[in-house]
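The values are calculated or read from the model by the stated rules, or taken from the named source; none is laboratory data. Predicted model only: the values in this text are computed from it and were never measured. Don't worry about glycine lacking a Cβ; one is built from the backbone with ideal geometry, like all the others, and counts go over all protein chains shown.
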Amino acid sequence: MGIFDKFFKSQRDIAKDEITGIPWDSLESVNQLDNVIRNSRLKPKVIFKHSTRCGISRMVLKNFENNYVKNDVDVSYYYLDLLQFREVSNAIAQKLNVVHQSPQVIVLYQEEVLHNESHHGIDIKKVQEIVANKK
């Protein structure tokens, strides 16, 4: 990567570099959200809402990923760039009856919110514990 790439990299490209470790699926449409909610009947789903322009959100995402421990629990992780896909973030608030926050993590199972946390309260260990207790 050249020196100019570092200066002119888009916020989305920077965010992509930041999300490593957890097997993320990007959440990019309301139709996809509907499928995630519906498919939470089969296995737990975790949605992480991230603001690519917020230092706190970046720090919380890094902490979330750094403390992730791969295990054999069948769960899907979804990453939402809420600045690029604000309509999806709005749909999450409406469909799941949660107040919009950023950063925010939401755990779904059986089409219900099991856990919802924001900012420094986001803890991957707690998320993984909640998910493990549902299987």
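Figures for the structure shown
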quantity	calculated
Residues satisfying the stated conditions in region 58-85, i.e. of a type in the set (D, E, K, R) and closer than 17 Å to residue 25 by Cα	62, 65, 70, 74, 81
Lone qualifier among 42, 61, 33 - being under 17 Å from residue 134 (Cβ atoms) and either of a type outside the set (Gly, Ala, Ser) or over 11 Å from the mean Cα position of the chain (by Cα) (or both)	42
Per-region count, region 84-115, residues under 16 Å from residue 33 (Cα atoms) and either modelled with pLDDT under 95 or in a strand (DSSP E or B) (or both)	9
Residue under evaluation residue 52, criteria (1) closer than 16 Å to residue 26 by Cα; (2) loosely packed, with under 14 Cβ neighbours inside 10 Å, criterion not met	(2)
Total residues in region 23-60, condition hydroxyl-bearing (Ser, Thr, Tyr) and in contact with a Pro (Cβ under 9 Å, 6 or more places away or on another chain)	2
Search result, residues across region 85-111 that are over 14 Å from the mean Cα position of the chain (by Cα) and touching a residue at least 24 places away in the same chain (Cβ under 8 Å)	87, 91, 95, 96, 109, 110, 111
Members of region 22-40 that are in contact with a strand residue (DSSP E or B) (Cβ under 8 Å, 6 or more places away or on another chain) and more than 21 Å from residue 61 (Cβ to Cβ)	37, 39, 40
